[in-house]
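Comments concern the structure below.
What follows is calculated from the coordinates using simple rules that are stated; it is not laboratory data. As the structure is a prediction and not an experimental result, all values here were calculated from the model. Cβ coordinates were reconstructed from backbone atoms using ideal geometry, including for glycine residues, and neighbour counts include every protein chain displayed.
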Amino acid sequence: MDESERVERSDAEWRARLTPRQYEVTRLEGTERPFTGRYWDTTTPGTYRCVGCGLELFSSGTKYDAGCGWPSFTAPVDPAAVEETPDDGHGMRRTEVICRRCGAHLGHVFDDGPAPTGQRYCINSASLDLEEAEDAGSESGSGSGSDSDSESDAGSDSDSESGSGSGSE
Ligand SMILES: [Zn+2]
């Protein structure tokens with residue numbers, strides 16, 4: 001990741017762009033209360049982006065239920081996407097995770113995670129913006145240009161695309 005890609009904004013700009021909760025977490029290193037965030041139990045496939053700059057941070061593929069009340073991941077999408085720094089605040093020795101591009105506080109990483117990484121990235125929902133995967137099960141190449149369920153499917157009650165028996169269209 002290139003340093004020139006860094007996103008830097010003034011405090012006022014961050015306040016304007018983010019919700020108060022997002023601002024508190026990402027810029028003031030806040031921590032949302034467990035089991036209250038948007039994504040702690042989300043299983044929707046997709047990519048979790050930084051709420052501050054849109055950088056891809058985590059994938060639903062590495063998300064797991066750690067039972068701690070925050071979204072937990074075994075690894076970032078790209079190790080270069082996050083920066084890990086020692087955080088000795090609150091009388092604990094922890095490792096803070098921040099967005100490499102905009103410096104947003106994301107959460108902390110612990111080494112009590114599951115295999116294969118043994119890592120638990122415990123991330124605040126307020127730091128993340130889930131981009132849901134769009135291509136779940138859809139087949140490309142219908143060619144009609146319309147992606148709505150319009151009359152092209154007339155006569156078929158099933159929304160299965162398996163096309164059983166009726167031959168090629
Ligand atoms: Zn960011």
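Pick from 49, 17: which is exposed (fewer than 14 other Cβ atoms within 10 Å of the Cβ) and out of contact with any Gly (no Cβ under 6 Å at 6 or more places or on another chain)? Please lay out each step first, then the result.
Values: 49 fails: exposed (fewer than 14 other Cβ atoms within 10 Å of the Cβ).
Only one candidate qualifies: 17.
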Margin query: Let me spell it out: the conditions are (1) more than 16 Å from the ligand (Cβ to nearest atom); (2) buried (at least 21 other Cβ atoms within 10 Å of the Cβ), and residue 95 meets all of them except one. Which number is the exception?
Written below: (2)
Margin query: I need the full set of residues from the range 72-92 which are more than 16 Å from the ligand (Cβ to nearest atom) and either hydrophobic (A, V, I, L, M, F, W, C) or more than 24 Å from residue 8 (Cα to Cα) (or both), in order please.
Written below: 72, 74, 75, 88, 89, 90, 91, 92
Checklist line | Criterion (in contact with a Phe, Trp or Tyr (Cβ under 9 Å, 6 or more places away or on another chain) and touching a residue at least 12 places away in the same chain (Cβ under 8 Å)) met by exactly one of 64, 23 | finding: 64
Item checked: Residues being part of a strand (DSSP E or B) and either closer than 14 Å to residue 128 by Cβ or among the aromatic types (Phe, Trp, Tyr) (or both) - total across the range 63-107 -> 11
Notebook entry, point to check: Can you find a residue in the range 7-17 that is outside any helix (DSSP H, G or I) and more than 14 Å from the ligand (Cβ to nearest atom)?
Noted result: yes
